[in-house]
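Following: one structure in structure tokens, then a few remarks.
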Amino acid sequence: MKISEPNPNLEHIEALRKQFVSDFDRDTLEDLTLEQYAMKTGDKKNFCYRLEREQIGMGDIRNATAMKF
């Protein structure tokens, strides 16, 4: 797909973004436990996993160091 072409998954990507922002609003972020934040807990509902793996359509941050967080 070229940059100038519309993304056919835009509605799905926007729905994922809205759900992520709803699940991790500003107030929620301040009170996250390590288990709710970190990827190595095995829970795919945590902040880092979802940001890195679920939000790929908005930008890909996989395979970089943990310093990105």
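The values are calculated or read from the model by the stated rules, or taken from the named source; none is laboratory data. Treat the numbers as computed from the prediction; the structure is a model and nothing was measured. So basically every Cβ, Gly included, is an ideal-geometry build from the backbone, and we count neighbours across all protein chains shown. These area figures cover heavy atoms from the full protein model, side chains too; ligands, DNA and RNA do not enter into them. Shrake-Rupley method; radii C 1.70, N 1.55, O 1.52, S 1.80 Å.
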Qualifying residues in the range 1-29 (those that are modelled with pLDDT of 85 or more, in contact with a helix residue (DSSP H, G or I) (Cβ under 7 Å, 6 or more places away or on another chain) and not aromatic (Phe, Trp, Tyr)) - the one most open to solvent (accessible area, probe 1.4 Å): 17
Test: residue 59 is out of contact with any strand residue (DSSP E or B) (no Cβ under 9 Å at 6 or more places or on another chain), open to solvent by less than 60 Å² (accessible area, probe 1.4 Å) and modelled with pLDDT under 85: yes
